[in-house]
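Undergrad: Questions regarding the structure given below will be posed in turn.
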Amino acid sequence: MTNPPNFHKYFLSVRYTNQMERPSWDEYFMRMAFMAATRSNCVRRKVGAVIVKEKRIMATGYNGPPRGALHCDEVRCLRDQLKVPAGERRELCRGLHAEQNAIIQAAYNGTAINGSIIYVTTHPCSDCSKMIINAGIKEIIFSEGYPDELSELMLIESNIETRQYDVSAEFKDLLFGPSVELIHREKD
């Protein structure tokens, strides 16, 4: 009969020979937001959100249609068909935004998010900013910008902290592939 392996010695050797840098909390949660975005079936933009309180995940969300509704990639995007520019006529979209889905998930599960932080892959639009403000979220950490001056103004007026934090291009390529654009742009 052989002796069992010395697991303690093994784990110590792994720890010192595979010195992988530990991600910061911002990196960790922003990567999770990008991971949530991989669930999106929106043909225009892939967005993910993670709501965090005291370094614990309270809820996640990604942009897509309501539960039980057909997915955008199944029925074609009405905004694409009507050639509506990005950021305009959001009421024509059948999907909810990632931030909305994360806030709704927290409410659905009875999870308090007052005083939390939301990590989101794209800066919130004015509709999502209103929800974030009323949900009591204290800070927004986003990766990519979004052209919505009203959103920025309301967040300033409401003393919601915002800051930009981006993950590496290599990480985005790992999730989505090097040829995938997170934002669909019309070709000229």
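Undergrad: Test of understanding: among Ala86, Ala36, which residue is more than 27 Å from Ala107 (Cβ to Cβ), out of contact with any His (no Cβ under 7 Å at 6 or more places or on another chain) and in contact (Cβ under 8 Å) with a residue 40 or more places away in the chain?
TA: Ala86
Undergrad: Count, please, the residues in region 94-108 that happen to be part of a helix (DSSP H, G or I), over 11 Å from Ser40 (Cβ atoms) and either out of contact with any Pro (no Cβ under 6 Å at 6 or more places or on another chain) or open to solvent by 40 Å² or more (accessible area, probe 1.4 Å) (or both).
TA: In the first step, residues of region 94-108 are kept if they are part of a helix (DSSP H, G or I); the result is 98-108.
Checking which are over 11 Å from Ser40 (Cβ atoms) leaves us with 99-100, 102-108.
Next cut, either out of contact with any Pro (no Cβ under 6 Å at 6 or more places or on another chain) or open to solvent by 40 Å² or more (accessible area, probe 1.4 Å) (or both) only: 100, 102-108.
Final tally of qualifying residues: 8.
Undergrad: Looking at region 91-105, is at least one residue β-branched (Val, Ile, Thr) and under 30 Å from Phe171 (Cα atoms)?
TA: yes
Undergrad: Suppose we filter Glu74, Glu149, Glu144, Glu91 for residues that are surrounded by fewer than 16 Cβ atoms within 10 Å (Cβ to Cβ) and under 16 Å from the mean Cα position of the chain (by Cα); which single one remains?
TA: Unique residue meeting the criteria: Glu144.
Undergrad: Run down Lys83, Lys130 and say which single residue is in a helix (DSSP H, G or I) and either surrounded by fewer than 17 Cβ atoms within 10 Å (Cβ to Cβ) or modelled with pLDDT under 95 (or both). Working first, answer last.
TA: Details: Lys83 fails: in a helix (DSSP H, G or I).
Just one listed residue meets the conditions, Lys130.
Undergrad: Can I ask one more? Can you give me the number of residues within region 33-63 that are under 15 Å from Leu96 (Cβ atoms), part of a strand (DSSP E or B) and open to solvent by less than 20 Å² (accessible area, probe 1.4 Å)?
TA: Residues that pass the stated criteria total 5.
Undergrad: What is the number of the single condition among (1) more than 23 Å from Glu157 (Cα to Cα); (2) of a type outside the set (Val, Ile, Thr); (3) at pLDDT 95 or above that Gly95 does not meet?
TA: (3)
The values are calculated or read from the model by the stated rules, or taken from the named source; none is laboratory data. Every value quoted in this text rests on a predicted model; they were computed, and no experiment measured them. Cβ: placed from backbone, ideal geometry, glycine included. Neighbour counts: every protein chain shown. Only protein heavy atoms, including side chains, enter the accessible area calculation; ligands, DNA and RNA are left aside. Shrake-Rupley method; radii C 1.70, N 1.55, O 1.52, S 1.80 Å.
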